[in-house]
1. With a Förster radius of 30 Å, plug the Cβ-Cβ distance of Q189 and T24 into 1/(1 + (r/R0)^6) and report the FRET value to the nearest 0.05.
2. What fraction, in whole percent, of alpha-carbon pairs in region 1-104 exceed 18 Å separation?
3. Determine ³J(HN,Hα), in whole Hz, for all residues of region 142-152 in sequence, where each value follows from phi through the Karplus function 6.51 cos²θ - 1.76 cosθ + 1.60 and θ = phi - 60°; x replaces Gly and Pro.
4. Label points 7 Å out from Cα along the Cβ direction at D135 and T107: separation in nm?
5. Write out the trypsin sites (Lys or Arg not before Pro) in region 102-151 meeting two conditions: DSSP loop, and at most 12 other Cβ atoms within 10 Å of their Cβ.
6. Heavy atoms only, probe 1.4 Å: what % of the accessible area of the chain goes to carbon and sulfur, would you let me know?
7. How big is the charge dipole of the chain about its Cα centre, in debye rounded to the nearest 20, if each Lys and Arg gets +1 on its Cβ and each Asp and Glu gets -1 on its Cβ?
8. ³J(HN,Hα) across region 50-59 via Karplus (A = 6.51, B = -1.76, C = 1.60, θ = phi - 60°), whole Hz, x for Gly/Pro?
Amino acid sequence: TLGAVAPNPDDWRSQSVLAKLNWTIQKNRRLAFTIDHFEHDSQRAFSSRISPTYPQGVRQFANTDRQRFSVDYDHSLDASWIDHLSLRAYVQDAAQKDRSLAHYVLTGKANYRTIETAYLNKLKGLSLDAEKNVDRHALNYGLKFESSSSQRPWREDRLVIATGEHQITNKNRMADMDGKTIAAYVNDQIGFDLLGQRA
């Protein structure tokens, strides 16, 4: 059977890159650098949205872009409270943007409507994790700090075709958010001998 709803073409491309560099400074010390990149672009034609308000449907251009960088340091040592120490610092910048174009008819007046929306998120953090084995105890403890910011801007440019007038509206779809997280944890696993086997 054939549907009566017009198809919505979608042309897209995507690319991702993950690169790691490990440097063994000494036998018990290691430094690692990581770069993570992801990007996705698409062009959509919403032909099924044809209506008296949108007589030609809607076209949309979307882009997702994420960049992440991190540095890791691992150190094995024989200290009173630490057998293994791990440090990580990271930064991430992510954005999801949409741009919609459409002929728009309202109360008999023809307009050309351009709407741009985005979700912007930035993240940076630092974590410390340590391990210590003492007799039956496997002790894990650490600290984490993370800072984040998010924005969701919205912009409309409405062109009145008859007069060439631009009616521009800027607003936020949500309040800008900034957050900070500080966390600490301690975990202890205790092993027991059960029927001659360590559990």
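The values are calculated or read from the model by the stated rules, or taken from the named source; none is laboratory data. Please read these numbers as outputs of a predicted model, since none were measured by experiment. We place every Cβ from the backbone using ideal geometry, glycine too, and count neighbours over all the protein chains shown. In case anyone asks, the SASA skips ligands and DNA or RNA and just uses the protein heavy atoms, side chains included. Shrake-Rupley method; radii C 1.70, N 1.55, O 1.52, S 1.80 Å.
1. Numbers: r = 29 Å, r/R0 = 0.95.
That gives a FRET efficiency of 0.60.
2. Values: 3584 of 5356 pairs.
The proportion of pairs with Cα distances above 18 Å equals 67 percent.
3. These are the phi-based 3J(HN,Hα) values: x, 9, 9, 10, 9, 10, 9, 9, 9, 9, 9 Hz.
4. My value for the distance between the label points is 8.3 nm.
5. On the way: sites: K109, R113, K122, K124, K132, R136, K144; in loops: R136.
Filter output for region 102-151: R136.
6. Details: 7620 of 13880 Å².
Taking all protein chains in place, the chain shows 55 percent carbon and sulfur surface.
7. Values: 27 positive and 24 negative charges, 122 e Å.
Roughly 580 debye for the chain.
8. 5, 7, x, 6, 10, x, 10, x, 9, 10
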